[in-house]
1. Cβ-Cβ below 6 Å, separation at least six or inter-chain, first residue in region 51-68 and under 16 Å from Val30 (Cα atoms), second polar (S, T, N, Q) and part of a helix (DSSP H, G or I): which pairs?
2. State which residue pairs qualify: first residue under 13 Å from Gln57 (Cα atoms) and touching a residue at least 60 places away in the same chain (Cβ under 8 Å) and inside region 23-35, second residue of a type in the set (Val, Ile, Thr) and buried (at least 18 other Cβ atoms within 10 Å of the Cβ) in any location, beta carbons under 8 Å apart, and separation of 6 or more residues or different chains.
3. Which condition does Gln69 not pass, out of (1) more than 12 Å from the chain's Cα centre (by Cα); (2) modelled with pLDDT of 90 or more; (3) open to solvent by less than 80 Å² (accessible area, probe 1.4 Å); (4) not hydrophobic (A, V, I, L, M, F, W, C), if it passes all the others?
4. Can you tell me how many residues within region 35-63 are under 19 Å from Thr92 (Cα atoms), open to solvent by 60 Å² or more (accessible area, probe 1.4 Å) and out of contact with any Ser or Thr (no Cβ under 8 Å at 6 or more places or on another chain)?
5. Find all pairs meeting these conditions: Cβ atoms under 6 angstrom apart; at least six residues apart or on different chains; first residue within region 70-87 and closer than 10 Å to Cys26 by Cα; second residue among the charged types (D, E, K, R) and part of a helix (DSSP H, G or I).
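The values are calculated or read from the model by the stated rules, or taken from the named source; none is laboratory data. Since we're looking at a predicted model, the values are computed, not measured. No Cβ is skipped: glycine too gets one built from the backbone with ideal geometry, and neighbour counts run over all protein chains shown. The area values use the complete protein model at the heavy-atom level, side chains included, leaving out ligands, DNA and RNA. Shrake-Rupley method; radii C 1.70, N 1.55, O 1.52, S 1.80 Å.
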Amino acid sequence: MVWLRKIERLPQEQDYWGVGPFLPFCYFRVRQADFFASLIGEKNMEQYVTWSRSLYQQARGAYDAREYQRARLLADASSFIVFALECIAQATVQMPDTPIIK
């Protein structure tokens, strides 16, 4: 987030940051955020889902304005929030005991 404040907001001619192919991946990750938040079961997890959606929307806006570096950083932040939710969900879900084979 600190880098986003420091970068210039000048349009670029080409997408050197590769954000074009990354945005669809980020979209599907944001769509998974609700599922991961529901597995965790805490009330404040919905705030993280809202943040990931907001960051994704900002990334789309920056991409449309041809601010590719800014779009990539926002998309990364959105994806990392969903990744954190996924990791927390994996840590909290109880796995059934493996059956004993005799």
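1. Ser52/Ser78; Leu55/Ser78; Tyr56/Ser78
2. Every condition considered, no pair remains.
3. Only one criterion is unmet by Gln69, namely (2).
4. In the first step, residues of region 35-63 are kept if they are under 19 Å from Thr92 (Cα atoms); the result is 35-49.
Add one more test, that the residue is open to solvent by 60 Å² or more (accessible area, probe 1.4 Å), and what stays is 35, 38-39, 41-44, 46-48.
If we keep only those that are out of contact with any Ser or Thr (no Cβ under 8 Å at 6 or more places or on another chain) as well, we get 35, 38, 42-44, 46-48.
So the answer is 8.
5. Ser79/Arg29; Val82/Arg29
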